[in-house]
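Structure, as structure tokens:
The values are calculated or read from the model by the stated rules, or taken from the named source; none is laboratory data. Because the structure is a prediction, the values reported are computed rather than measured. Don't worry about glycine lacking a Cβ; one is built from the backbone with ideal geometry, like all the others, and counts go over all protein chains shown. Surface accessibility is based on the protein's heavy atoms, side chains included, excluding ligands, DNA and RNA. Shrake-Rupley method; radii C 1.70, N 1.55, O 1.52, S 1.80 Å.
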Amino acid sequence: MAFDRFIAFPEGFEFTLLVWSPNEPGRTLPPFPHWYWDRSSPEIPPDVIRLGVTYPDGRRATNLNWLADVQGLNREGPVLYPLDEAGWQPHWEQEYWVGPSPPPGPVSLVVEWPAHHIAETSVELDGAAIHVAAAEADVVWS
Amino acid sequence: MGFFDAPAPSPPPLPPLPPPWLFPPDNVLGAFVPLRTVLIRSSSLLVVAERFVAYPTGFEFTVRVQAREAMITEPMAADAPPPTTGEPDGGAFRVGVVLPDGSRASSQSRPALEDEPNAPVVSAYRGGGDGNERHQRCWVWPLPSDGPVRLVVEWPAARVKETWGELDGAAIHTAAERSELLWER
Amino acid sequence: MGTFFDSFPSPDPLPPPRPLLPWQGPAELTFGGFVPLRAVLVDTESVLVVVDRLLAHPTGLEFTVLVARRHASDDLADPLDWGQHRGNGGLDPPAEVLRLGIAYVDGRKASSLARPPHWEEENPKDPVLVMRSGHGSRGRWEKQYWLWPLPPEGPTGFVVHWPAEGVDEWRVDVDGAAIHAAADQALALGDG
């Protein structure tokens, strides 16, 4: 699993979660929670990837809360909003929008994938790099 | 033994690697290339090529069309002409490239599924967007040699006339060396 | 307009789509004979599962499965679609999946849990049950199935098992002779 293709905007940033999973050839749906509509079951299937983001001030977002994010119910933010997806066995790509822009400091991305015994794993992003890149964003129209 | 207690079926095999001229390989971590080529930038319309990812076998990128006010109502049509007639859809989005060696490709051509083409291929293979924005992910095969790549787009239905831009082919070519083979297939 | 795109020749038209193989669905422009039967597979306080609208063809049997929760439900996951419950199409169907099967009188069987044959397989070894269309949400679903081949005359069993609803394996037999009589009434307007 890899985080890649970060693009910064004044209001937040996008990135792509890349997943290669060659050992589940029977998979028919991407391993991301917003593909699962089973609201009758409170249990989250073990074969979806849990993804989270932590801001330097402690605020957090998770893709398990995607419905509230998509419906705009999560007004406090940050949100982790699924954008385009692509892929088929054994490779999947999911773009996410994270906003609003994080305050200065390190930003953590966290993943966990119980079905593949991947315990909670986090990586730290250089928050300054996101801000530097966002400063280069070009406002086409205002 | 119950009716449904048949022995568990063995998992199906992984699908074969897609033909390299149609899609990026699914066993390679491609290299993101921070390039952006603005094709049209007016007071009402923005057309850019961005989000380049380089692979040993080619590169992919997104063509994004953003209208300032008018809603784009047409879908950014498929790469191939309607299957029944073979005639190109006059209003469809098309993308083309001219590689450094002068060879050319257009998304309106339909590449063979089984035999490796003897000319480059560009396909607009997946799209999306809503409201004032549409985008298409495009794949170019093969990886161009080190030199300028010319890009051309046209989308009559959205009043995007044939418009040319240039890509830094050297940056794409160099980035491909950073891509990683994950496993053999 | 420019000239780049006009300089490419139009590609040849695609060949016409291949007709369905017999196990994939009824032949084009054929209309199955109506089988005046209805089988109630599940009738509990909470849920109803009915097999209805049986149409018999010489090559197989079309039927509709209706699933209805008796109480208002916001359940969006289709109980007949394994993939909606677990994306990995894993080897163990979860309890929420409604298992549907057909028991032929000669001992052969078809099951909604079985993986369909390869698309180009012309003569599968075992009977095949495929979902061809359907719709539904919020506790109500209607799904159209195709069963290949036509079951032989004699009692034909519709089998159901739905662990999440507490429905143990249950079988309802229908009259194979009625199915065959209806198949004789099928109408073919196509070439075949």
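Per residue, the accessible area of segment C:20-187 comes to 47 Å², computed with a 1.4 Å probe over protein heavy atoms only. When a 1.4 Å probe is rolled over the protein heavy atoms, the share of accessible surface on segment B:94-142 that falls to carbon and sulfur comes to 45 percent. Of the GluC sites (Glu not before Pro) in segment A:1-82, the ones in a loop by DSSP (not H, G, I, E or B) with at most 15 other beta carbons within 10 Å are A:Glu11, A:Glu43, A:Glu76.
Other residues within the sphere of radius under 13 Å centred on the Cβ of C:Leu48, judged by their own Cβ, net out at -1 (K and R +1, D and E -1). When all protein chains stay in place and ligands, DNA and RNA are ignored, the 1.4 Å accessible-area order of A:Ile118, A:Ile7, largest first, is A:Ile118, A:Ile7.
Using only the Cα atoms of segment B:28-181, build the gyration tensor, take square roots of its eigenvalues as a ≥ b ≥ c, and label the shape rounded, prolate or oblate: rounded if a/c is under 1.5, else prolate if a/b is larger than b/c, else oblate.
Numbers: a/c = 1.83, a/b = 1.28, b/c = 1.44.
The shape class here is oblate.
Per residue, segment A:17-142 exposes 48 Å² of accessible surface when a 1.4 Å probe is rolled over the protein heavy atoms with every protein chain present. Mean separation of Cα pairs under 8 Å and 6 or more residues apart, divided by the residue count, gives chain B a relative contact order of 26 percent. Note on segment A:69-132: with neighbouring protein chains present and a 1.4 Å probe, carbon and sulfur make up 55 percent of its accessible heavy-atom surface. When A:Asp126, A:Asp84, A:Asp69 are compared by accessible surface with a 1.4 Å probe, the order from highest to lowest is A:Asp126, A:Asp84, A:Asp69.
Mean separation of Cα pairs under 8 Å and 6+ residues apart, divided by the residue count of segment A:1-94: what relative contact order is that in percent?
Numbers: 124 pairs, mean separation 28.2, N = 94.
Here the relative contact order equals 30 percent.
Out of segment A:55-113, which trypsin sites (Lys or Arg not before Pro) are coil in DSSP terms and have no more than 10 other C-beta atoms within 10 Å? Write down the numbers at each step before the final one.
On the way: sites: A:Arg59, A:Arg60, A:Arg75; in loops: A:Arg59, A:Arg75.
Here the trypsin sites (Lys or Arg not before Pro) that fit, given the DSSP loop and packing criteria, are A:Arg75.
Chain B contacts chain A over a buried accessible area of about 2300 Å², both sides summed; the probe is 1.4 Å and only protein chains count. Of the listed residues C:Lys109, C:Lys143, C:Lys125, B:Lys161, the order by accessible area with a 1.4 Å probe, largest first, is C:Lys125, B:Lys161, C:Lys109, C:Lys143.
Based on Cα contacts under 8 Å between residues 6+ apart, segment C:20-187 shows a relative contact order of 29 percent. Each residue was assigned an accessible area with a 1.4 Å probe, and for C:Tyr145 the value is about 10 Å². For C:Asp175, the accessible surface of its heavy atoms amounts to roughly 80 Å² (probe 1.4 Å, protein chains only, rounded to the nearest 10). Within a straight-line Cα-Cα reach of under 30 Å, C:Lys125 can be paired with the following lysines, leaving aside sequence neighbours fewer than 8 residues apart in one chain: C:Lys109, C:Lys143. The charge dipole of segment C:30-187, taken about its Cα centre with unit charges on the Cβ atoms of Lys, Arg (+1), Asp and Glu (-1) only, comes to about 200 debye. Chain C against chain B buries an accessible area of about 2400 Å², both chains summed, 1.4 Å probe radius.
Express the accessible area of segment B:28-181 per residue in Å², computed with a 1.4 Å probe while the remaining protein chains stay in the model. Don't jump to the answer; show the numbers that get you there.
Details: 6740 Å² over 154 residues.
On a per-residue basis, 44 Å².
Over the protein assembly as shown, DSSP H runs of length four or greater, each weighted -39,500 (n - 2.57), average out per residue to a 222 nm ellipticity of -1500 deg cm²/dmol.
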